[in-house]
C-alpha cells in the first residue's frame, strides 16, 4: 500500500532501517574489458574468479550491447509479494549505453552475485531501463568496459528480508557477521 | 563570482557500504552515514536499487523544476555526486538516471526527502581526504 510516498510491505519492518558497514582499508580498483559479442555476466564472473566471490560496486563506463534482457517491476497477480519483477524484456541490435551501475556480492553458499541496473537506447531511439540480466546480455561490436571497486573488509551477502520477502544484498563485516 | 579554477588534490579514504530498507530516503541516508562516521567529504561510488517514487530536480537551486516519476518500482540506474559536511551539517548534490516501470528513462538531481527506497537501495560512499 502506498501512503504519502511510503509503501507498506506485507512483512514486519525491522530495525535498523539503514544497515551500514565501514572499511578502513583502501579498495581495489579494476578496469574490466569485455570483448565484442561476449556474454557479459559470464565474462565478468570469469574476470573476477581470481579474487574469489567478491563484493564491491561498479559502473559500466563504455561500450554497447548487441543483445539485452532486462526486467521492470510489475504488480504481482498472486503470492505474498505485492510487486515482483516481470518477464524479461528482450532487445537485439545496436544498443547504446546510457548508464549502468553494478553491485557485486555473494550468496550464502559463496556464489558470485551480480546486481545490475542500467539504461540503453535501441537503434530506433527507444529507451530501455531496468534490472539487467547480465547472464542473458551480450556485448556489442566495441565490447564493454566495466570499472569496479572491490571491498576489502566488507561483503554484500544475500539475506532473506522478512519485510519485503525478497532476498537482498546486505553489507556484512568480513568474518564478523551482520553490520549495524 | 570568480573565474579561477579550483584544484584540490587528495586521496580516497574510508568506504561506507549500506543497504537502505523500505521508505528510507536516498539523500538523508547517505548524509546520516557521513555524519555518523564523521566523514567531512565523500564521493558516491555506487548506488543500485528501487524507489517508491523518484523526485528529480532540473535547473538551478533557486528556480528548480520538479519532476515526479511515479512508481512504486522506479529503478535507480546510476547515481553520481558528493557530500560535504560542515559543522555537522551535510550538504549533498546527487544526480542520476532512473527508469519507470515501463523502462522509460529520466535524469536529474535527486530531491532530498523525495526518493524513498521501495525494496532496497545498495549504496557505497567513499571518504575524500584533501591533501
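None of the figures in this text is laboratory data; all of them are computed from the coordinates on show. Remember, it's a predicted structure, so these values are computed and weren't measured experimentally. For neighbour counting, all protein chains shown are included, and Cβ atoms are generated from backbone atoms with ideal geometry for every residue, glycine included.
Structure data summary
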| quantity | calculated |
| --- | --- |
| For segment A:93-116 versus segment B:91-131, the gap between their alpha-carbon centres in whole angstrom | 17 Å |
| Residue order, fewest to most beta carbons within 10 Å, for A:94, A:161, A:78 | A:78, A:94, A:161 |
| Cα centroid separation - segment A:46-89 against segment A:128-180, whole Å | 9 Å |
| Shielding of B:8-16 by partner chains, average beta-carbon count, 10 Å | 4 |
| Sites residue A:109 and residue B:82 - FRET efficiency at Förster radius 41 Å, r taken between beta-carbons, to 0.05 | 0.65 |
| Over 24 Å [Cα-Cα, the protein assembly as shown], rounded percent | 52 percent |
| Taking A:21, A:66, B:91 and counting other C-beta atoms within 10 Å, the order from fewest to most | B:91, A:66, A:21 |
| Per-residue average of Cβ from other chains inside 10 Å of A:13-20 | 6 |
| Rule-of-thumb Rg ratio for segment A:1-152 [Cα; 2.2 N^0.38 Å; N residues] | 1.17 |
| C-alpha long axis of helix B:26-36 to longest principal axis of chain B, angle in ° | 30 degrees |
| Ranked A:154, A:89, criterion: other C-beta atoms within 10 Å, fewest first | A:89, A:154 |
| Spacing of the two label points (7 Å from each Cα toward its C-beta) at residue A:17 and residue A:92, in nm | 4.7 nm |
| Among A:61, A:14, A:99, residue whose mean-square fluctuation peaks in a GNM of chain A (springs only between Cα atoms under 10 Å) | A:14 |
| Cα centroid separation - segment A:14-32 against segment B:1-44, whole Å | 13 Å |
| Within 10 Å of each Cβ in A:142-151, the average number of Cβ atoms from other chains | 1 |
| Normalised alpha carbon radius of gyration of segment B:11-130 [divisor 2.2 N^0.38 Å] | 1.01 |
| Nearest-0.05 FRET efficiency for residue A:142 and residue A:80, computed from C-beta distance (R0 35 Å) | 0.20 |
